[in-house]
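Following: one structure in C-alpha cells, then a few remarks.
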2 protein chains.
Amino acid sequence: MNTRNPRPDVSPALRAHLAAIAGPGRLLTDPADCWPYGYDNSRRQALPQAVVFAADTGQVAALVRLCAAQGLPLIARGRGTGTTGATVPDRGGVVLSFERMNRILRIAPGDRLAICEPGVVNADLQRAAGAAGLFWPPDPTSAAVCTIGGNLAYNSAGPRAVKYGTPRENTLGLTAVTGLGEPIRTGVLTTKGVVGYDLTRLIIGSEGTLALITQATLRLTPLPEATRTLRAAYRDIQSAAAAVATLMAQPVTPCALEFMDAAAIAMVRGYAAVDVPAATGALLMIEVDGARAGIEDAAAALAAAARNEGLLEVRHARDAAEVQALWRTRRALSPALRQVAPKKINEDLVVPVSRLAEFIDGLARLARETGIRIVNFGHAGNGNIHVNLLMNPDDPAEMARAHACLDAVFSLTLGLGGTLSGEHGVGLEKRDFVDRELDAPTLAVMAAIKQALDPAGILNPGKALPS
Amino acid sequence: MNTRNPRPDVSPALRAHLAAIAGPGRLLTDPADCWPYGYDNSRRQALPQAVVFAADTGQVAALVRLCAAQGLPLIARGRGTGTTGATVPDRGGVVLSFERMNRILRIAPGDRLAICEPGVVNADLQRAAGAAGLFWPPDPTSAAVCTIGGNLAYNSAGPRAVKYGTPRENTLGLTAVTGLGEPIRTGVLTTKGVVGYDLTRLIIGSEGTLALITQATLRLTPLPEATRTLRAAYRDIQSAAAAVATLMAQPVTPCALEFMDAAAIAMVRGYAAVDVPAATGALLMIEVDGARAGIEDAAAALAAAARNEGLLEVRHARDAAEVQALWRTRRALSPALRQVAPKKINEDLVVPVSRLAEFIDGLARLARETGIRIVNFGHAGNGNIHVNLLMNPDDPAEMARAHACLDAVFSLTLGLGGTLSGEHGVGLEKRDFVDRELDAPTLAVMAAIKQALDPAGILNPGKALPS
C-alpha cells in the first residue's frame with residue numbers, strides 16, 4: 001500500500017546543501033535508489049526525496065538544522081524491520097539511514113555497559129557482549145537484523161522482557177539530536193543518577209519524533225550459567241492462563257513465558273508434524289535461567305507452578321536438541337501463518353496477566369461474531385499477546401469485517417486495563433487509535449513536549465501521536 | 001539555615017479561596033502551624049504562606065489552577081526526609097502535604113502490582129505487599145518514615161537497587177497533575193507498553209517541578225525465599241574496589257553490596273566495639289537473595305569473587321543474629337558520624353564501578369590537601385558513594401576549606417564519568433552545580449519541558465535545575 005506522498009523534486013540548491021552536509025557517498029536522491037528506504041515491514045511504502053547515511057553526531061545535527069530551516073520531514077531509519085510504518089516517509093522528506101553508523105565503541109565488563117552507535121545490529125551487539133560474558137536483554141524476534149537504534153525508538157523487547165525488562169530498563173544514557181539541532185547527552189554511565197530530568201526514557205519509545213539517537217550507553221547483564229526449557233500443554237486456554245498467573249505469582253521468574261492458543265496450534269498442525277497431545281487447547285513455553293547450582297530446582301518450581309487440573313503434559317528438555325524440539329511448534333507458527341494467510345493484521349496487545357483468560361475468551365467471541373479467524377500467541381508473562389486477524393485481501397466484505405473486528409479487539413483490550421502496543425509501537429498503523437487509550441490532557445502534554453523538542457515539527461511528523 | 005523568604009501575608013480573599021479548595025480541616029495559614037512544613041533533612045527552613053493537605057486528584061488540580069492563576073509557588077511534600085531542600089518553600093507559597101493521602105488502593109499479586117496514593121509510607125507498602133509474598137524494591141534508609149511520593153519525586157533507591165533497580169525500573173504508571181492544572185494518566189498496568197511518550201519516568205525524579213503525583217502504580221517483585229549475608233574485610237581500599245568490580249562482573253548479582261572505607265571504620269571504632277580485623281582498611285557487606293535451593297552456591301560464588309590478595313577475612317552469617325552482628329559495624333556508622341561531627345556535608349556521588357578505587361584515592365588526596373576529614377561509605381555495587389565531609393561549623397576557615405574541598409570532589413566525580421547525585425536529588429543544595437554535569441543544550445531541553453508542563457512556573461520553582 002503506497003501512502004500519500006507529495007514528493008516535490010529536490011531542487012539543485014537543496015541537493016547541494018544536502019550533499020555538503022551528508023558527505024561523500026552519503027546522499028541518494030535518484031528515486032530508484034531511494035525506494036528501498038521508503039518502506040518497513042508494515043507493507044506501507046512512500047518515496048523520500050532523499051536518503052542520507054548518518055555518519056556522526058555533528059553531521060546529524062547539521063542535517064536537522066537544514067531540515068528545520070526548510071520545513072523538510074526527517075525520518076530516522078535502522079533496518080526497516082518495524083511493523084507500523086513509523087519509518088515510512090509518507091510526507092516525503094529525508095530518510096536518515098543509520099545503517100552505516102554501526103560501531104560498537106566500547107564493551108566495559110566491569111561497568112556492565114556497552115557504548116554503541118544506533119546502526120549496530122542487535123545480534124552483533126550480543127556477540128560482542130557475549131565474548132565478555134554479558135548480554136543486552138532486549139531480544140526482538142528480528143534480532144538478527146534489527147538495529148539497536150530501532151529497538152530504542154520503539155522500546156522493542158521480546159521474550160526475555162518478562163524477566164529482564166525492555167530497553168527502558170536496560171539503557172543508561174543517550175547522545176541524541178533534538179529538533180533544535182543541537183546534540184544533547186542524557187543519562188549517566190552508572191545504574192543510578194538523578195541529576196536533571198529523565199530524557200533517556202522520554203526519547204526511548206518516541207519513534208524518532210523527539211530526537212535522533214546517535215549513541216547509546218546500554219546496560220549489560222551477566223550471561224546466566226544455565227537455562228532450562230519446559231513445554232506445558234493444556235486442555236484449554238483457561239487452564240493455560242491460570243497457569244501463567246500462578247507462574248508469575250511465585251518467586252522464580254521465568255526468562256521466557258510464551259503462549260500459543262488452539263488456533264495457533266491448529267495452524268501449525270496444518271503445516272508441519274506437531275508432537276503435542278491431540279487434545280491440546282493451549283501451549284506454554286517456559287524457560288528459566290540462572291546459576292547452574294539452582295537451575296534444576298528452579299525448573300522444578302516452574303513445573304510445579306504450571307501444574308493444574310487442565311494440564312495435559314509437561315515436557316522438560318534434557319539437551320540442546322530437545323530444546324530445539326520443544327520450540328519447533330512455536331517456531332513453525334510464523335511460516336505457517338504466512339502460508340495460510342497472505343494478509344493478516346498482526347496486533348501487539350497487552351493486558352494484565354490476571355485478565356489473560358478473559359482476553360482470549362473475548363477474542364474467541366469476536367472471532368465467532370465476525371467470522372474472522374483469529375490466531376493468538378506471544379509473551380504471556382508480560383500479558384503481551386500477538387493477536388493475528390487472518391483475511392483474504394481479495395474479499396472486500398471480509399476486509400471490512402476484519403477492520404470492524406479489530407476495532408472491537410482494541411475496545412476489549414482497553415476495557416481490560418490493557419494497552420494497544422507492547423513493543424511494536426504506534427507509527428502510522430495505530431496513530432488514529434491512540435486517543436482511545438490516552439486521554440486528552442495526557443495527549444496535550446505529549447504534544448507540548450513534542451513542540452518543545454521539535455518546534456519546526458520535522459522529526460518524523462505525524463507518527464506516534466494523533467495528528 | 002533559613003533561606004530567603006518573602007512570605008507576603010495571605011490575603012483574606014486568597015485564604016477563602018484556599019479553604020474552599022482544600023476542604024474542611026485541610027488548610028493551615030497560622031505561621032506557628034506552617035513552620036513544621038517548611039523544612040526537610042537539609043537543615044534549611046523557610047515559612048510557607050499556607051499548608052494544604054492533599055485529599056484527592058480533583059482537589060490537587062483545583063489547587064494547581066489557583067496557584068497558577070495567582071503565580072503562587074506550590075511545593076509538594078511527603079514526610080520531609082529529603083536532604084537537599086527540595087521541599088523547602090524558599091520563595092514562599094503553598095506547601096501541599098501528601099501525608100494524609102496515604103491509602104493503599106490495591107495489591108494485585110497476579111499482576112505483581114500495587115496501586116497507592118503518594119503519602120503511603122514505604123514501610124507500610126512493604127508490609128502490605130509482603131502479606132502477598134511481594135515487595136517493592138526501592139528501600140531508602142528512611143523507609144520507615146519516607147513516602148512513596150517522595151521516593152518517586154527523587155527516584156530514591158537504596159542498597160537493593162544494585163539488583164532490583166530504582167523507582168524508574170519499578171513503577172508502571174502514575175496519575176499526576178501538571179502545572180496546566182489537569183490530571184494526566186501515564187504508563188500502563190503492565191510491564192510492557194509503548195503507546196505515547198514515557199511521561200512516567202519523566203515525572204519520576206523531577207522533584208515536583210513538572211507534576212504532582214496523586215496516584216502510583218508500582219511494579220512489585222516476589223519476595224525471595226532466602227538471603228545470605230557476608231562481610232569481607234580488606235587490607236586497603238584498592239583491594240575492596242577490585243573486589244567490587246569482580247563481584248559485579250560475575251553472574252550472581254548481589255542484592256546489596258555496601259562499602260565502608262578506613263575513615264568510616266575508624267569512626268565506628270571510636271564509638272562502639274568493632275569486631276573487624278585490626279588491619280582492616282575497607283569493608284564490604286555482601287548480600288545475596290534468591291531461591292532456597294541455590295542460595296548456598298550463590299553465596300559461595302560471591303565469597304569466591306570477593307577473594308583477592310588484599311582480603312583479610314570473609315565471614316558468613318549463619319543465622320539472623322549473625323546477620324545483625326555483621327551489619328552492626330555498618331549500622332553504627334550514622335550515629336558515630338553524628339556524635340563526632342555535628343556538621344557534615346553528606347554527598348551522594350556516583351562513579352562507574354571500575355573507577356571506584358581512583359575515586360576513593362582521589363578523595364584521600366583531597367582530604368590530605370585540604371585538611372578536611374572525609375568519611376566514605378555507600379552502595380558500592382552501583383558506584384554510589386556517600387562522601388561525608390566533616391567540619392566544625394564554628395570555624396569559618398575550616399568551613400571555607402570544606403566548601404573548596406567539596407568543589408574539588410565534584411570535579412573529581414565528573415572527571416571519572418560520574419554523576420553528582422545517585423538518589424538524594426538536587427533540590428536547592430546542588431542546583432548551582434547541575435550545569436557542571438549537564439551541558440547547555442541538554443539543560444535547554446529540560447527547561448523547555450519545564451515550560452511546557454508548568455508554563456506559570458509555580459511547581460516547586462527554582463529547584464532541581466539551575467535558575
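Taken together, the values in this text are just the output of simple stated rules run on the coordinates, not laboratory data. This one's a predicted model, so the numbers in the text were calculated from it and none came from an experiment. Every residue, glycine as well, gets a Cβ built from its backbone with ideal geometry; the counts of neighbours run over all protein chains shown.
Would you work out if the range B:226-331 is rounded, prolate or oblate? Take a ≥ b ≥ c from the square roots of the eigenvalues of the alpha-carbon gyration tensor; rounded if a/c is under 1.5, else prolate when a/b is larger than b/c, oblate otherwise.
Working: a/c = 2.25, a/b = 1.34, b/c = 1.68.
Since a/c reaches 1.5 but b/c is at least a/b, the shape of the range B:226-331 is classed as oblate.
Taking the label point 7 Å from Cα in the Cβ direction, how far apart in nm is B:G23 from each other copy of itself, listed shortest first?
Between copies, matching label points for B:G23 lie 6.0 nm apart.
What Kirkwood radius, in Å to one decimal, follows from the Cα pairs of the range A:166-303?
Working: mean 1/r = 0.0541 Å⁻¹.
About 18.5 Å, per the Kirkwood formula over Cα pairs.
Mind listing the phi-derived Karplus ³J(HN,Hα) values for the range B:408-418, rounded to whole Hz, using 6.51, -1.76 and 1.60 with θ = phi - 60°, and x for any glycine or proline?
5, 4, 4, 4, 4, 4, 5, x, 8, x, x
Grab the eigenvalues of the alpha-carbon gyration tensor for the range B:74-133, scale each by 5, take roots, and send me the semi-axes largest first in whole angstrom.
On the way: eigenvalues 172, 25, 13 Å².
For the range B:74-133, the semi-axes come out at 29, 11, 8 Å.
With chain A rotated onto chain B, spot the residue of A whose Cβ lies nearest the axis and note the distance in whole Å.
Spelled out as residue then distance in Å, it is A:G294, 1.
Considering the dipole of the range A:111-231 built from charges on the beta carbon (Lys and Arg +1, Asp and Glu -1) around the Cα centre, which of A:L152, A:P137, A:T227 is farthest to its positive end?
Comparing the listed Cα positions along the dipole, A:T227 ranks first.
Give or take rounding to whole Å, what are the principal axis extents of the alpha carbon atoms in the range B:104-222, in descending order?
For the range B:104-222, the Cα extents along the three principal axes come out at 38, 29, 26 Å.
Within a 10 angstrom radius of the beta carbon, how do A:D319, A:D407 rank from fewest other beta carbons to most?
Working: A:D319 8, A:D407 13.
Placing the least packed residue first, the sequence is A:D319, A:D407.
Straight-line reach from A:K344: which lysines have a Cα under 24 Å away, not including same-chain ones fewer than 8 places off?
Excluding near neighbours in sequence, the set is A:K430, A:K463, B:K192.
How large is the translational diffusion coefficient of chain B in µm² per second when you combine the Kirkwood radius over alpha carbon pairs with Stokes-Einstein at 37 °C and 0.692 mPa s? Walk me through the numbers before you get to the answer.
On the way: Rh = 23.2 Å.
In µm²/s, the coefficient is 141.
Do the sum for the protein assembly as shown: with -39,500 (n - 2.57) for every DSSP H run of n ≥ 4, divided by all residues, what is the mean residue ellipticity at 222 nm, to the nearest 500 deg cm²/dmol? Can you show the working numbers first?
Numbers: 32 runs with 320 residues, N = 934.
For the protein assembly as shown, the value works out to -10000 deg cm²/dmol.
Pairs of Cα atoms under 8 Å, at least six residues apart: use those to get the relative contact order of chain B, whole percent.
Values: 1024 pairs, mean separation 70.1, N = 467.
Relative contact order for chain B comes out at 15 percent.
Where does each of B:R44, A:R103 land when they are ranked from fewest to most other beta-carbon atoms within 10 angstrom? Please list the in-between numbers first.
Details: B:R44 21, A:R103 12.
With the fewest neighbours first, B:R44, A:R103 line up as A:R103, B:R44.
For A:P441, place a label point 7 Å from Cα along the Cα-to-Cβ direction in every copy; what are the distances to the other copies, in nm, shortest first?
3.5
Would you please give the residues with an amide H less than 5 Å from that of A:N155, counting only those at least 5 places away or on a separate chain, with H modeled from the backbone geometry?
Amide H neighbours of A:N155: A:G205.
Pairing the Cα long axis of helix A:237-249 with the longest principal axis of chain A, what angle in degrees results, from 0 to 90 and rounded to the nearest 10?
Roughly 70 degrees between the two axes.
What list of ³J(HN,Hα) couplings, whole Hz, do you get for the range A:164-172 from phi and the Karplus terms 6.51, -1.76, 1.60, once you set θ to phi - 60° and write x for glycine and proline?
10, x, 9, x, 4, 8, 10, 10, 9
Enter the Cα centre distance for the pair the range B:144-185 and the range B:216-246, rounded to the nearest angstrom.
If we compute the Cα centre of each part, the gap is 23 Å.
I need the per residue convex hull volume for the range B:335-415, using only the alpha carbons, in cubic angstrom as a whole number. Show your work: numbers first, answer last.
Working: hull volume 6.3 nm³, N = 81.
Dividing the Cα hull volume of the range B:335-415 by its residues yields 78 Å³.
Sort shortest first the distances from A:P277 to its counterpart in every other copy, using label points 7 Å along the Cα-to-beta-carbon line, and give them in nm.
Ordered by increasing distance: 5.9 nm.
Rounding to the nearest 20 debye, state how big the charge dipole of chain A is about its Cα centre with +1 on each Lys and Arg Cβ and -1 on each Asp and Glu Cβ. Working shown, then result.
Working: 46 positive and 44 negative charges, 118 e Å.
In total the dipole reaches around 560 debye.
Counting other C-beta atoms within 10 Å, which of B:W136, A:W35 has the fewest, and how do the rest follow?
With the fewest neighbours first, B:W136, A:W35 line up as A:W35, B:W136.
Where the centroid of each part is defined by its Cα atoms, how far is the range B:49-86 from the range B:345-385 in Å?
Result: 36 Å between the Cα centres.
Equivalent ellipsoid semi-axes for the range B:12-97, as square roots of 5 times the alpha carbon gyration tensor eigenvalues: give them largest first, rounded to whole Å. Mind dumping the intermediate values first?
Details: eigenvalues 85, 32, 28 Å².
With the √(5λ) rule applied to the range B:12-97, the semi-axes are 21, 13, 12 Å.
Shape call for the range B:1-149 from the C-alpha gyration tensor, a ≥ b ≥ c root eigenvalues: rounded (a/c under 1.5), prolate (a/b greater than b/c) or oblate?
On the way: a/c = 2.90, a/b = 1.65, b/c = 1.76.
Oblate is the answer for the range B:1-149, as a/c is 1.5 or above yet b/c matches or exceeds a/b.
Can you bin the range A:224-425 into rounded, prolate or oblate? Criterion: square roots of the alpha carbon gyration tensor eigenvalues sorted a ≥ b ≥ c, rounded for a/c under 1.5, prolate for a/b above b/c, oblate for the rest. Intermediate results must be reported in sequence, preceding the final value.
Values: a/c = 2.10, a/b = 1.61, b/c = 1.31.
Prolate, because a/c is 1.5 or more and a/b exceeds b/c.
Over chain B, what is the percentage of antiparallel beta bridges among all DSSP beta bridges, to the nearest 5?
Within chain B, antiparallel bridges account for around 85 percent of the total.
What is the distance in Å between the Cα centres of the range B:257-297 and the range B:192-211?
Between the Cα centres of the range B:257-297 and the range B:192-211 lies a distance of 37 Å.
Take every DSSP beta bridge with both residues inside the range B:32-188 and express the antiparallel ones as a percent of the total, to the nearest 5. Show your work: numbers first, answer last.
Numbers: 11 of 19 bridges.
In the range B:32-188, DSSP labels about 60 percent of beta bridges as antiparallel.
What is the helix-to-structure angle for A:295-306, meaning the angle in degrees between its Cα long axis and the longest Cα principal axis of chain A, kept from 0 to 90 and rounded to the nearest 10?
Long axis of A:295-306 versus the principal axis of chain A: about 70 degrees.
Can you pull the percent of Cα pairs in the protein assembly as shown with separation above 38 Å? Don't skip to the answer; put the middle values down first.
Values: 198887 of 435711 pairs.
For the protein assembly as shown, the fraction of Cα-Cα distances above 38 Å is 46 percent.
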